[in-house]
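Accompanying notes for the structure given below.
The values are calculated or read from the model by the stated rules, or taken from the named source; none is laboratory data. The shown structure was predicted, so the numbers you read here are calculated from the model rather than taken from an experiment. Note that we place each Cβ from the backbone using ideal geometry, even for glycine, and neighbour counts take in every protein chain shown. The protein model used for the area step is the full one, side chains on, heavy atoms only, and it has no ligands, DNA or RNA in it. Shrake-Rupley method; radii C 1.70, N 1.55, O 1.52, S 1.80 Å.
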Amino acid sequence: MKDNTVSQSSEQPQPAAAPHGAHARRGPFRVGDRVQLTDEKRRINTITLQPGGEFHTHKGVLPHEDIIGLPEGSVIENVDGFRYQALRPLAKDFVLSMPRGATVVYPKDAAQIVQFGDIYPGARVVEAGVGSGALSISLLRAVGDGGYLHSFERREEFADIARGNVSTVFGGEHPAWQISIGDFQDRVVQLEEPGSIDRVVLDMLSPWECLDAVATVLAPGGVWTNYVSSVTQMSRVVEAIRESGQFTEPECFETLLRGWHVDGLAVRPDHRMVAHTAFLITTRRLADAANGIPKAKRIKEHSYSAEDLSAWTRDHSEEEWTAQALGERGLSDKKLRRAARDANQAVRVRAAHAEDAAAAAEEQD
């Protein structure tokens, strides 16, 4: 009689490797971890665990050794009996407390960029500028190990801060990420093939200057997302996109986030909220032979005169589209160096601890 039984291999399928950085989010607290300590009055402090380190406040001292090895979510007492709740920071917490040079992209905006910009696992994405790496972290989490994120930053100091923050979150360098120094509109066409990019995200002063570069590298159907802070920037980007005829009609929006106070019967909106942070503009690349379909409603004015532009700038000059003119504060070199040092602290601590552990193992052998 014929045996129709299908033989089964004795070898069991191996589980897929965990996504990069997942190990840094699991298990007990380790040297080099960032830990969020919340006290009894809901005040939050974030520390980086170090051998022999101590957390000092007016309420006493908490040795880092008392935290290392404990499971996440532990409640710990310092030497004077003052209690802290210990957790690893969530991505939104880390972004708002991490060392920074430039202003960070708020979590509420990063979430909208990932969703409305359609950032998916495996996508090929380019972004500019990097700033302190807040948006890079969200984009890397979205594209995953099999994706590709190429970030462009004009200032090496900001790039150093971003590298440290990204390495802290993912426990080391991310395999999908590379960063290049220089002007986006010049460098991206040198380093990326035409039509090879799925998504473009720009957080910069004058994104309309990058229109030709974006149109060159973005694949047909690809999404271009712009993050701008002022109405004048938004207006000029939209009109430049419309005039090019290479993209769909832009969509513009902002996100307001308001929390609620809930305590028994006292339920009401919070008195404070995260209101305007930036405008988001999304559009999609058309095929090369296609011409954009204009809005059904006729637009009275498609371009700006020099007088219009002068009226929109603080110094009344067409050339004065500067960060200062848009209300951004300058950053000192000293502050940038300190932020870069703080951003790379966790990386240094982990590396030093690994060297000490390796040296100890050699001595035992």
(message) Please go through segment 193-205 and give me each residue that is open to solvent by less than 50 Å² (accessible area, probe 1.4 Å) and within 17 Å of residue 221 (Cβ to Cβ), ordered by number.
(response) 195, 196, 197, 198, 199, 200, 201
(request) Tell me, yes or no, whether segment 145-157 has at least one residue that is farther than 20 Å from residue 338 by Cβ, surrounded by fewer than 23 Cβ atoms within 10 Å (Cβ to Cβ) and in contact (Cβ under 8 Å) with a residue 40 or more places away in the chain. (result) yes
(request) Can you tell me which residue within segment 253-280, out of those that are of a type in the set (Val, Ile, Thr) and in contact (Cβ under 8 Å) with a residue 60 or more places away in the chain, is most open to solvent (accessible area, probe 1.4 Å)? (result) 274
(request) Pull up segment 158-178, narrow it to residues that are of a type outside the set (D, E, K, R) and open to solvent by 40 Å² or more (accessible area, probe 1.4 Å), then point me to the one that is nearest to residue 30 (Cα to Cα). (result) 175
(request) Identify all residues within segment 41-85 that are of a type in the set (Gly, Ala, Ser) and touching a His at 6+ places or on another chain (Cβ under 8 Å); write none if there are none. (result) 52, 53
(request) Check residue 187 against each of (1) among the basic types (Lys, Arg); (2) modelled with pLDDT of 95 or more; (3) under 26 Å from residue 291 (Cβ atoms) and name the one condition it does not meet. (result) (3)
(message) Looking only at segment 110-137, filter to residues that are over 22 Å from residue 217 (Cα atoms) and surrounded by fewer than 23 Cβ atoms within 10 Å (Cβ to Cβ); which one of those is nearest to the chain's Cα centre (by Cα)?
(response) 111
(message) I'm trying to understand the selection: among the residues of segment 32-50, which are more than 24 Å from the chain's Cα centre (by Cα), in contact (Cβ under 8 Å) with a residue 12 or more places away in the chain and open to solvent by 20 Å² or more (accessible area, probe 1.4 Å)?
(response) 40, 50
(message) Can you confirm whether residue 155 is outside the structural domain of residue 29 (by the TED database), touching a strand residue (DSSP E or B) at 6+ places or on another chain (Cβ under 9 Å) and not small (Gly, Ala, Ser)?
(response) yes
(request) Would you check which residues across segment 179-192 are over 29 Å from residue 23 (Cα atoms) and open to solvent by less than 30 Å² (accessible area, probe 1.4 Å) and list them? (result) 182, 184, 188, 192
(message) Of all residues being in contact (Cβ under 8 Å) with a residue 60 or more places away in the chain and surrounded by fewer than 19 Cβ atoms within 10 Å (Cβ to Cβ) in segment 81-96, which is nearest to residue 141 (Cα to Cα)? Just the residue, please.
(response) 91
(message) Just to be sure before I move on: is residue 136 under 30 Å from residue 197 (Cα atoms) and among the hydroxyl-bearing types (Ser, Thr, Tyr) in the structure I sent?
(response) yes
(message) So, restricting to strands (runs of 3 or more DSSP E) that lie completely within segment 198-294, which ones have at least 2 residues that are in the same structural domain as residue 123 (by the TED database) and more than 24 Å from residue 135 (Cβ to Cβ)?
(response) 260-263, 266-269
